[in-house]
Amino acid sequence: MTKDLLGSPIRRWRGDTAPDQIVLSGRAVDGFEFTLTVSSPRDPDNSSTPVAQIAGVIVHAGPPGIVRFPWTVTDADQQPGRYWYDIEQRDGAGRVLTIAKNAYLFVQDITK
């Protein structure tokens with residue numbers, strides 16, 4: 001799934017493992033780390049366990065910076081419904097910046 005996800009809802013067919021991808025127009029990402037976290041509650045407390053937490057893979061350091069989040073079969077096999085996600089960026093000094101947050105929708109597919 002290749003598109004600019006920043007701040008947009010994401011829709012995924014249950015069980016599909018194609019990676020999500022973000023494009024950070026005009027920004028270089030060399031040396032940064034990215035994490036996509038998907039959660040059932042919109043604003044989880046510290047004791048909540050995420051549905052999925054996926055490390056980003058930089059495919060183009062940029063600019064533009066392009067990062068993919070590869071899904072595993074286990075992570076992608078979620079109950080259909082509305083979840084929530086955020087994407088955090090960590091720079092070389094350890095500073096964290098949330099760069100996106102919105103709904104993540106798992107949609108029922110036909111093939112099992």
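Since every read-out is calculated from the coordinates, none of them should be taken as a lab result. As the structure is a computational prediction, the values presented were derived from the model and not from experiment. Every residue, glycine as well, gets a Cβ built from its backbone with ideal geometry; the counts of neighbours run over all protein chains shown.
Of all the options A76, A55, A28, the one that moves most in a Gaussian network model of the chain with Cα springs shorter than 10 angstrom is A28. Rounded to the nearest 500, the helix-only mean residue ellipticity at 222 nm of the chain stands at -500 deg cm²/dmol, with each DSSP H run of n ≥ 4 adding -39,500 (n - 2.57).
Answer with a single label: of (i) 13, 40, 31, 12, 4; (ii) 12, 32, 23, 12, 9, 8, 4, 0; (iii) 14, 48, 30, 8, 0, which was calculated as P(r) over Cα pairs in 10 Å bins from 0, in percent from the structure in view? The calculated read-out lines up with (iii).
Of the residues A28, Y83, P70, the one whose Cα sits farthest toward the positive end of the charge dipole of the stretch 10-107, with +1 on the Cβ of Lys and Arg and -1 on the Cβ of Asp and Glu, is Y83. Between T17 and T72, the simple label model (points 7 Å from Cα in the Cβ direction) yields a spacing of 1.0 nm.
Its Cα centre serving as origin, the stretch 10-107 has a Cβ charge dipole (Lys and Arg +1, Asp and Glu -1) of approximately 260 debye.
Extending 7 Å from Cα along the Cβ direction at D43 and again at L105 yields two label points whose distance is 2.4 nm.
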